Amino acid sequence: MDVTTNQPDGTPAWIDLGIPDIERAMAFYRAVFGWEYLTGTEETGYYTMCLVRGRPVAALSQPPEVGPEHWWTVYFATADCDGHAKRAADAGGTVVMPPMDVMTAGRMALVQDPVGAQFGLWQGRDHLGAGVVNEPNTLLRNDLITPSPKPARDFYTALFDFTLDADPKTPETDFTFLRRPDGHEIGGIIGDAGARRSKWTTLFLVNDADTAVRAATEAGGTCLNQETTVYGRMAVLLDPFGAEFSVGSAA
């Protein structure tokens, strides 16, 4: 679906990835998703837009300083970045990067929740966020995996007024849907006692998960897991820099 207006508060609106080699990253994700790119200008610097049908779906960047770990960052939509940053702090989170204007594109902040997972807030202006979602080679969903699900659930319900309910299709898992006040599902929280750290995951829809896995491994990535679930065929992958993401298809 095409996104033409700012999403309601709490909706995953944007994703980006900072890595040490932008050219290699572009080649890898082109092989997996067929993405085209709009490279940075004098205004956007090192930010490279990933495009599907000419519309932005994600971004890659090569910051001047890149740490040893790399992961996809999800940004949740907000009509009031400053207000939600304050709500995050009041609910026990840490504002890692205070609200700031990104030229005329929008206003953003980075937050760490009480269980250690980092995410962004995005108040769209010229840039609404992902222009296409929920179709092949675009963002499908984000879930939080954490060994401490209760404080995470308390935090996100306080931050975005989410409601919670279990998934009857997966009674064996500690999974809770996160829903906006209008009932729309935006993702979920997975309790995993064996998780090394809390993190927001990124799942891309693809036409065929097994084909995407082959493309990823041939391009220098690694497959951590492949399985068939009640929701379809899924795989967890690492890109050449160790950034984790998932792909899923109906079969």
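How big is D for the chain, in µm² s⁻¹ as a whole number, if Stokes-Einstein is applied with the Kirkwood radius of its Cα pairs at 25 °C and 0.890 mPa s? Answer from the Stokes-Einstein relation: 133 µm²/s.
Each Lys and Arg Cβ is given +1 and each Asp and Glu Cβ -1; about its Cα centre, segment 108-251 then shows a dipole of about 240 debye. Rg and Dmax of segment 118-177, both derived from C-alpha coordinates alone, stand at 14.5, 43 Å.
What 222 nm value per residue comes from the helices of the chain, counting each DSSP H run with n ≥ 4 as -39,500 (n - 2.57) and dividing by all residues, nearest 500 deg cm²/dmol? Spell out each step's value before the answer.
Details: 4 runs with 44 residues, N = 251.
Helix contribution divided over all residues of the chain: -5500 deg cm²/dmol.
Inter-label distance, residue 101 to residue 82: 1.2 nm, where each label sits 7 Å from its Cα along the C-beta direction. Cross-link partners of residue 150 among lysines, defined as those whose alpha carbon lies under 17 angstrom from its own and excluding same-chain residues fewer than eight positions apart: 199.
For the chain, the relative contact order is 19 percent, taking Cα pairs closer than 8 Å that sit 6 or more residues apart in sequence and dividing their mean separation by the residue count.
May I ask you to derive the FRET efficiency for residue 2 and residue 193 from their Cβ-Cβ distance with R0 = 51 Å, giving the value to the nearest 0.05?
Details: r = 40 Å, r/R0 = 0.78.
The formula returns an efficiency of 0.80 here.
The magnitude of the dipole of the chain, with charges of +1 and -1 set on the Cβ of Lys/Arg and Asp/Glu and taken from the Cα centre, is near 180 debye. The protection proxy used here, the mean number of other Cβ atoms lying within 10 Å of each residue, ranks peptides 49-55, 170-176 as follows, highest first: 49-55, 170-176. The simple Förster model, with R0 at 45 Å and r as the Cβ-Cβ distance, assigns residue 126 and residue 208 a FRET efficiency of 0.80. Run through every distinct alpha carbon pair of segment 82-211 and return the Kirkwood hydrodynamic radius in angstroms, one decimal place. It is 15.9 Å.
Shape analysis of segment 21-140 yields a ratio of the Cα radius of gyration to the Kirkwood radius, Rg/Rh, of 0.97. Would you mind checking segment 151-181 for residues with the amide N under 19 Å from a putative spin-label position 7 Å along Cα→C-beta of residue 90? Under 19 Å, as judged by backbone N against the label point of residue 90, lie 152-163, 181 of segment 151-181.
Can you sort 197, 30 by how many other beta carbons sit within 10 Å, fewest first?
Working: 197 11, 30 15.
Ranked by crowding around the Cβ, least crowded first: 197, 30.
Near residue 223, within a Cβ-to-Cβ distance under 12 Å, what is the net charge of the other residues, with Lys and Arg +1 and Asp and Glu -1?
Numbers: positive: 214; negative: 210, 218, 227, 239, 244.
Around residue 223, the surrounding residues sum to -4.
Only one residue of 149, 188, 236 has its Cα farthest out toward the positive end of the dipole of segment 138-249, where Lys and Arg carry +1 and Asp and Glu -1 on Cβ, and that residue is 149.
Taking N as the number of residues in segment 151-218, what value does Rg over Cα atoms divided by 2.2 N^0.38 Å take?
1.37
Where a number appears in this text, it was derived from the coordinates with a stated rule and is not lab data. Just so we're clear, the structure is a prediction, and the values are computed from it rather than from any experiment. Here Cβ is always computed from backbone atoms with ideal geometry, including for glycine, and neighbour counts include all displayed protein chains.
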